[in-house]
Amino acid sequence: MLKKSLLGKDYNNELNLDNGSKSPSKSSSSNSSSSLTPENAPPAEEDNALSLLQTLVHLLKCNVGTGLLGLPLAIKNAGLLVGPISLLAIGILTVHCMVILLNCAHHLSQRLQTTFVNYGEATMYSLETCPSPWLRSHSVWGRYTVSFLVIITQLGFCSVYFMFMADNLQQIVEEVHVTSNTCQPRKFLVLTPILDIRIYMLTILPFLIMLVFIRNLKVLSVFSTMANITTLGSMILIFEYIIQIPDPSNLPLMANWKTFLPFFGTAIFTFEGVGMVLPLKNQMKNPQHFPLVLYVGMSLVIFLYSCLGILGYMKFGSDTQASITLNLPTCWLYQSVKLMYSVGIFFTYALQFHVPAEIIIPFAVSQVPENWALFVDLSVRTALVCLTCVSAILIPHLDLVISLVGSVCSSALALIIPPLLEIITFYSEDISCATIAKDIMISILGFLGCIFGTYQAFYELTQPINHSMANSTGVYIS
């Protein structure tokens, strides 16, 4: 049985979901035991521990998803000068907040004399020592809030991935009769649907269910490597096309402030790896080297984001679509970009899914006898995959709904909570006024971005949208 469920119940042992065996776990106090989630999973055994390269591979794949393809439009919404500068600033702030989270978790683990402290626990333990009596008495809700935000955010990403894969598969099939060997700029194109998009989703569903049955992060690193290879191949083809840019002198350096509103939501959605920072560190063979992996990996990610966003906007200008794949020529070479990127997203699905699954599954398993543990584990995984599929089918304009979730949850997890967590954690240890001011400014910026992104998402949801353009990978109609 589990040592502690998501709701905080104590048990005798902890089920090691990463290697399928049971391992004893210690608690520093009556309040410090926690569910086995990716954030606080015990250190992997030597055979299952991640190397530096494997950790880097995971980190790259967690941050290179569907949001990357929407960056040219994000730059268009902000302007050729303001867009890249803002994207770089958000990237730097996001990485800084990841480092803050790592430092707080490390500091609290030392204070509590325990091996690991996850995101939710760090929030809870920090609140237990804050000056406010009310916050101290309700500190456990800090943990519940973080867990809820992580679950909603990661399942939201998975729903976007579902729609992305199904949409691209539909486009490849339905553009077969107009696809040629000659790559010419995409022009007027109206496709008659052959199969409903839901059929494509249901086709993908069983394969994703089988994929998420893999629970070991080291095994997933093999698929993550495959995803990196396919994503790299598609990125090379995209860059090969957009590198030939026309004269960009007529493009605005700064866009209208109203069109800048969607920029923040897209940018923060793109940096989608915050939920995997602590899990990856906890699974490393040498966790002390994780900051190096983080800086190297995120530097590569920010460089890739900036290049694709700038070159994509300079290439297509005012015709830039919600996904850069919509601007690519209708030929077999660039149709392969959709296929390769979809394969990469397929494998990335398992990594993003790993986070909410390992928060929810321990609680579910703790409610049944030990001999039912594996059955319940696999059943919950299947149900969660089906939930993301149903969400993609039922929710109209999925990209806007997930943008809303990203603006609220991702902003809170990536920019709002970590700075406040640093203030609370180190408040009693003579934290400098400059650090407090810096953290407050970052949190305010994240809050404003959350408000603006939420407003824009709600506004767009109320507007009539052509069905063919409702999703970021919908058919391009010029």
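If you take the residues in the stretch 122-135 that are modelled with pLDDT under 85 and over 24 Å from Leu278 (Cα atoms), which one is surrounded by the most Cβ atoms within 10 Å (Cβ to Cβ)? The selected residue is Ser132. Of the candidates Asp18, Asp10, the single residue that is open to solvent by 40 Å² or more (accessible area, probe 1.4 Å) and at pLDDT below 80 is Asp10. Taking the stretch 199-236 as the range and being at pLDDT below 90, surrounded by fewer than 17 Cβ atoms within 10 Å (Cβ to Cβ) and closer than 14 Å to Val173 by Cα as the test, only Ile199 passes.
Residues to consider are Val337, Val365; find the one that is closer than 23 Å to Val146 by Cβ, more than 21 Å from the chain's Cα centre (by Cα) and among the aliphatic types (A, V, I, L, M).
Just one listed residue meets the conditions, Val365.
The residue that is nearest to Phe164 (Cα to Cα), among those in the stretch 368-399 that are open to solvent by 20 Å² or more (accessible area, probe 1.4 Å) and in contact with a Ser or Thr (Cβ under 8 Å, 6 or more places away or on another chain), is Asp399.
Quick one: which helices (runs of 4 or more DSSP H) lie wholly within the stretch 44-144 and hold at least 2 residues that are in contact (Cβ under 8 Å) with a residue 24 or more places away in the chain? Lay out the reasoning, then the answer.
Numbers: elements: 52-63, 71-78, 82-112, 119-128, 133-137.
Per the criteria, 52-63, 71-78, 82-112, 119-128.
Scanning the stretch 321-344 for residues that are surrounded by fewer than 23 Cβ atoms within 10 Å (Cβ to Cβ), farther than 20 Å from Thr182 by Cβ and of a type in the set (Val, Ile, Thr) yields a total of 1.
Given His58, His96, which one is open to solvent by 40 Å² or more (accessible area, probe 1.4 Å), of a type outside the set (Lys, Arg) and under 19 Å from the mean Cα position of the chain (by Cα)?
Values: His58 fails: open to solvent by 40 Å² or more (accessible area, probe 1.4 Å).
So the residue among His58, His96 that is open to solvent by 40 Å² or more (accessible area, probe 1.4 Å), of a type outside the set (Lys, Arg) and under 19 Å from the mean Cα position of the chain (by Cα) is His96.
The values are calculated or read from the model by the stated rules, or taken from the named source; none is laboratory data. Predicted, not measured: the structure shown is a model, and the values here were computed from it. Quick reminder, even Gly has a Cβ in these numbers, built from the backbone with ideal geometry, and neighbours come from all protein chains shown. All accessible areas refer to the heavy atoms of the entire protein, side chains included, with ligands and DNA or RNA removed. Shrake-Rupley method; radii C 1.70, N 1.55, O 1.52, S 1.80 Å.
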